[in-house]
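S.K.: Okay, here's the structure, questions in a sec.
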Amino acid sequence: MLSHSLDPDAAIRSTDSDAALARLSAVQKQYLTDPYIRHLVPRAHFQPPRPPLINVGTHARSTAIDGLVDDFMRIAAHSNSGGCQIVSLGAGSDTRFWRIATGELGASLVRYIEVDFPEVTTKKAMAIKKSKQLANVLGEPADIKIANGGTSLHSPRYHLISADLRQAPEQSLHAALSVPVPGGGLKDDTGPILLPHLPTLLLFECVLVYMHSDASNALVRWFVDYFHAPNSGEPAPLGAIVYEMFGLQDPFGQVMLTNMKARSITLPGAVPYPNFASLPSRFLQHGFQHAQALTLRDIRRKYIRREEVHRTSKLEMLDELEELELVLAHYAITWGVKVGRISGDSRWAAWKLQPAPEDRIEED
Ligand SMILES: C[S@@+](CC[C@H](N)C(=O)[O-])C[C@H]1O[C@@H](n2cnc3c(N)ncnc32)[C@H](O)[C@@H]1O
């Protein structure tokens, strides 16, 4: 394998292991339930847990994004649109497809597309083929096709595709998503991989921060144009969720930057978002009508059910409460939706993270 100095992207790809190990740890420590993550982490049984602070953050992030995704899917299911599709950019070892497909909203999921660097998708495709628990959710063995020299995997609903998201999407994504499955032959295989008529949710979980805003703007713009092409009739609603760090110019943010730099990772994507108020602009600048953001700190205080905060606060001793607050205040979930004239009904405008029924709970 190339060292990080010869292959600067190796450091960025290594953040996938961080995310997967954090999720595995949160599952092992019972913050979250996810029967699939252990199949995507090599030697899962031997991996040491992450510190409590990381587990608490992973729980808040995952619970909130699950809530937003579920709500988006429910709105799509009630809008007679024939279901919805989800595209996860920089998906890494994420397990969301399997959790949704086997959950109560699984029937309304028409497509789930994941994109990452080829090194990451190749590893994931191999893990899927190796694990009956993962492969069974995709369909019969005959329905699962490995393509592009092992870097892509296609099945009737789930598609794993390799691309460098910094490259011009008119070439890279267009060639991969706006075409039918290469070679065809899949059940229900009609139309392009990315269906232009369905409500679509884009997930960017900790990925845009690693690229310059020119590249991430081009990426969002490509999706907007795909669904809102001129003369193509009423466009399908397009939602997006971004989770990442922001406000890195303060002393704590500078420490975060220094820590990443020590691993040869820079965060150019955080530069245009120096504070909380700047976050929704990442969608509003592309004509999304509704966009909002919440920090993980506020999410944990007001948007996670009181019983759940209480339950998780008993799982481990957490001494560093001040540090926890500082870390959580530097991560945000931002979401937005772009709707057409007819589909622009109040249900999409009301898509948001629902506050917990009770107010803040104090730490025990
Ligand atoms: C921190 S991980 C997050 C993984 C997953 N979204 C999650 O939250 O569990 C970031 C992922 O983005 C991918 N990534 C970063 N920059 C990318 C790029 N330019 N093209 C494709 N994938 C990229 C990395 O390879 C890695 O898998």
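S.K.: Would you mind working out the accessible area per residue for segment 85-216, using a 1.4 Å probe, and quoting it in Å²?
M.R.: On the way: 5050 Å² over 132 residues.
Ligands and nucleic acids excluded, the figure is 38 Å² per residue.
S.K.: Using heavy-atom solvent-accessible surface (probe 1.4 Å) with all chains present, what is the largest-first order of 322, 205, 244?
M.R.: 322, 205, 244
S.K.: Based on DSSP, what percent of beta bridges with both residues in the chain are antiparallel, to the nearest 5? Mind dumping the intermediate values first?
M.R.: Working: 19 of 41 bridges.
Within the chain, antiparallel bridges account for around 45 percent of the total.
S.K.: Could you derive backbone 3J(HN,Hα) for segment 117-132 from the dihedral phi with the Karplus parameters 6.51, -1.76 and 1.60 (θ = phi - 60°), listing whole Hz in sequence and x where the residue is Gly or Pro?
M.R.: Result, rounded to whole Hz: 4, x, 4, 6, 5, 4, 4, 5, 4, 5, 5, 5, 5, 7, 9, 4.
S.K.: Mind listing the phi-derived Karplus ³J(HN,Hα) values for segment 260-274, rounded to whole Hz, using 6.51, -1.76 and 1.60 with θ = phi - 60°, and x for any glycine or proline?
M.R.: Using θ = phi - 60°, the values come out as 5, 4, 4, 9, 6, 10, 10, 10, x, x, 7, 4, x, 10, x Hz.
S.K.: Same structure, new question: Checking the cross-link filter: which lysines have an alpha carbon closer than 26 Å to that of residue 132, excluding same-chain neighbours under 8 positions apart?
M.R.: Cross-link targets: 29, 123, 124, 145, 187.
S.K.: Any idea of residue 346's accessible area? Nearest 10 Å², probe 1.4 Å.
M.R.: Here the accessible area works out near 90 Å².
S.K.: How many Å² of accessible area per residue for segment 251-361, probe 1.4 Å?
M.R.: Ligands and nucleic acids excluded, the result is 54 Å² per residue.
S.K.: Going Cα to Cα from residue 338, which aspartates and glutamates come in below 16 Å? Please leave out same-chain ones fewer than 8 positions away.
M.R.: Straight-line reach from residue 338, under 16 Å: 71, 225, 234.
S.K.: Where Lys and Arg each count +1 and Asp and Glu each count -1, what net charge lies around residue 116 among other residues with Cβ under 10 Å from its Cβ? Walk me through the numbers before you get to the answer.
M.R.: On the way: positive: 13, 123, 124; negative: 16, 94, 114, 119, 164.
Counting the neighbours of residue 116, the net charge comes to -2.
S.K.: Here's another thing I want to ask about it. Just want the answer: with Cβ charges of +1 for Lys and Arg and -1 for Asp and Glu, which residue in 334, 292, 118 is farthest toward the dipole's positive end in the chain?
M.R.: Result: 118.
S.K.: Could you work out how far the C-alpha centroid of segment 272-344 sits from that of segment 13-58, in angstrom?
M.R.: If you average the Cα positions of each part, the centres end up 21 Å apart.
S.K.: Quick query: amide H of residue 87 versus all other amide H atoms, modeled in the peptide plane; which residues come in under 5 Å with a sequence gap of 5 or more or a different chain?
M.R.: Under 5 Å from the amide H of residue 87: 113, 201, 202, 203.
S.K.: Let me ask something else about it. How many nm is it between the label spots at residue 275 and residue 258, if each spot is 7 Å from the Cα in line with the beta carbon?
M.R.: 2.5 nm
S.K.: Please give the calculated 222 nm ellipticity per residue for the chain, where each DSSP H segment of at least 4 residues contributes -39500 (n - 2.57) and the sum is spread over every residue; nearest 500 deg cm²/dmol?
M.R.: -11000 deg cm²/dmol, from helical runs alone.
S.K.: Taking θ = phi - 60°, what integer Hz values does the Karplus form 6.51 cos²θ - 1.76 cosθ + 1.60 yield along segment 74-87, in sequence order, with x for Gly and Pro?
M.R.: 5, 4, 4, 5, 8, 9, 6, 9, x, x, 8, 10, 10, 10
S.K.: Sort 206, 84 from largest to smallest accessible area, using a 1.4 Å probe on the heavy atoms of the protein chains.
M.R.: Of 206, 84, the descending order of accessible area is 206, 84.
S.K.: In addition: Taking a probe of 1.4 angstrom, what is the accessible area of residue 307 in Å², to the nearest 10?
M.R.: 100 Å²
S.K.: Also, I was wondering about something else. Report in % the part of the accessible area of segment 63-162 that belongs to carbon and sulfur, leaving out ligands and nucleic acids; probe 1.4 Å.
M.R.: Summing carbon and sulfur atoms, their accessible area is 53 percent of the total for segment 63-162.
S.K.: Rank 151, 334, 258 by accessible area, highest first, at a 1.4 Å probe radius?
M.R.: Accessible-area ranking of 151, 334, 258, largest first: 258, 151, 334.
S.K.: Near the amide H of residue 152, under 5 Å away, which other amide H atoms are found, from residues 5 or more places off or on another chain, if H is placed in the peptide plane?
M.R.: 147
S.K.: Calculate the dipole size of the chain relative to its Cα centre from +1 charges on Lys and Arg beta carbons and -1 charges on Asp and Glu beta carbons; express the result in debye to the nearest 20.
M.R.: So the magnitude is around 620 debye.
The values are calculated or read from the model by the stated rules, or taken from the named source; none is laboratory data. Because the structure is a prediction, the values reported are computed rather than measured. Heads up, the Cβs are rebuilt from the backbone with ideal geometry, glycines too, and the neighbour counts pull from every protein chain shown. Surface accessibility is based on the protein's heavy atoms, side chains included, excluding ligands, DNA and RNA. Shrake-Rupley method; radii C 1.70, N 1.55, O 1.52, S 1.80 Å.
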